[in-house]
1. Aspartates and glutamates within cross-link reach of Lys89: Cα-Cα under 15 Å, excluding same-chain residues under 8 positions apart?
2. Tell me whether region 17-67 comes out rounded, prolate or oblate; compute the Cα gyration tensor, take square roots of the eigenvalues as a ≥ b ≥ c, and use a/c under 1.5 as the rounded threshold.
3. With a cut-off of 8 Å between alpha carbons and a minimum separation of six or more residues, what is the relative contact order of region 170-219 in percent?
4. Could you rank the peptides 184-192, 146-154 by their average count of other C-beta atoms within 10 Å per residue, with the highest value first?
5. I need the calculated FRET efficiency for the pair Lys163 and Arg117, taking r as the beta carbon distance and R₀ as 22 Å, to the nearest 0.05.
6. Just tell me which lysines come within less than 18 Å, Cα to Cα, of Lys205; anything on the same chain fewer than 8 places away is out.
7. Tell me, in nm to one decimal, what length is gained between Thr79 and Ile207 on full extension, where the rule is 0.36 nm per residue of separation less the Cα-Cα distance?
8. I need the shape label for region 1-124. Rule: rounded when a/c is under 1.5, else prolate if a/b > b/c, else oblate, with a, b, c from the alpha carbon gyration tensor.
Amino acid sequence: MPVPARIVTLLTDFGTRDHYVASMKGVLLGIEPRLQVIDVSHDVPKFGVRRAAITLAQAAKFFPRGTVHVAVVDPGVGTPRKHLILETKRFFFVGPDNGVLSIAAEEDGIKGAYEIRGSRYVFQERSNTFAGRDVFAPAAAHLAKGLPPERLGEEIDPSEIKKVGIGEPRKSGRRVEGEILAIDEFGNLVTNITRSLVGELKFGKAITGKVGGSSLKVPFL
């Protein structure tokens, strides 16, 4: 089990206008006042599970061993779906079973999966639509304190968890085909094309890309 770092990250689609993020932080700090709570983002597109999964994977790997990553982008809130803890080589990931945790967790190597169910460590009286506050935040705080995941839930087969699909890029000669996964705030295209496939390209070099039926020249960053 990763040694607790007393760091919890939050990734949601809640925005910051309402109380939702603050309520989750209040629960976390009420259980463990020494936590560091880090905001990854609260501005991913509403119910944008795939975008959230990509954002989590981009950020999670840079945190210290033992960090607990919480992701709450949950179109299925209020419906029967699992509340998950995924234990990986370095981290814990906590969130709904809709694929939002899958990319980051698989990149780090999943060691165990648990369904949060019937645990006395989460709120017994809970909202049907705010699992972030009532289930995921308490679970994350206790994990960050060092509670083993099996005390919070029942172990399940990791192969059963839902995943977000990302296609594999293809290379043929000087041609590489991939998928645009996201467009960031600066207009940069985030793709599934790995650096190893374009290793000979230098920073700033112009490349010709085709999107749909259109061709355009863009700098390689």
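Values quoted throughout were computed directly from the atomic coordinates according to the rules given, and no laboratory measurement underlies them. This one's a predicted model, so the numbers in the text were calculated from it and none came from an experiment. With ideal geometry, Cβ positions are generated from the backbone for all residues, glycine too; neighbour counts draw on all protein chains shown.
1. Qualifying aspartates and glutamates at Cα under 15 Å: Glu106, Glu107, Asp108.
2. Taking the square roots of the gyration eigenvalues as a ≥ b ≥ c, region 17-67 is oblate.
3. Dividing the mean separation by the residue count of region 170-219 yields 22 percent.
4. By packing density, highest mean first, the sequence is 146-154, 184-192.
5. 0.60
6. In chain and number order, the partners are Lys217.
7. Length gained, Thr79 through Ile207: 41.5 nm.
8. Rounded, because the longest to shortest axis ratio a/c is under 1.5.
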